[in-house]
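Inspection log for the structure reproduced underneath, given as structure tokens.
The values are calculated or read from the model by the stated rules, or taken from the named source; none is laboratory data. Computed from a predicted structure; not experimentally measured. Neighbour counts are summed over all protein chains in view; Cβ atoms, including those assigned to glycine, are modelled from backbone coordinates with ideal geometry.
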Amino acid sequence: MALTTSMMDATALGYRPTIGQDISRGTTQDPFRLILGNTLPGNVLKGVPCSVQQASTNVKLYYMQRNAVVDTTIYFLTDPGLQPNDIAIVTDRTGNAVTYKVKGRAQPTGRGVIWNLQAEVVFAPQ
């Protein structure tokens, strides 16, 4: 397992949108809540180890058949528990953070040693 851990060169935090109701019983989107990662003392967020790669052509074509854009595969050591439409913020070893929108459920890769997740890069508005 140590070899696999050393291959994970980034950390990820996962957020899920929550739906609430306003005063007139209408639907509102409440702030995102943390579902992947840990909160340390002092409200410091600690992500879980992961690795990010460009999605293969076969994966991109598979999701295109379902009218979904996928450009990234994120690998985890365990099932991250993220679902479609969740947000994953991945920080690499240089400190650069990239936001991804999850497009599918995590699946075990190979013999189930690692899990992969398909996502799309979300660019910040200019």
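Here are some notes:
- Restricting attention to segment 20-68, the residues being at pLDDT below 80 and at positive phi number 4.
- Test: residue 124 is part of a loop (DSSP other than H, G, I, E, B), in contact (Cβ under 8 Å) with a residue 24 or more places away in the chain, of a type in the set (Gly, Ala, Ser) and more than 20 Å from residue 13 (Cα to Cα): no
- Meets criteria (in contact (Cβ under 8 Å) with a residue 60 or more places away in the chain, under 19 Å from residue 11 (Cβ atoms) and in a strand (DSSP E or B)) for residue 75: yes
- Among residues of segment 88-107, those that are more than 18 Å from residue 67 (Cβ to Cβ), at pLDDT 90 or above and in a strand (DSSP E or B), counted: 9
- Only one of 65, 118, 53 that is surrounded by fewer than 18 Cβ atoms within 10 Å (Cβ to Cβ) and touching a strand residue (DSSP E or B) at 6+ places or on another chain (Cβ under 8 Å): 53
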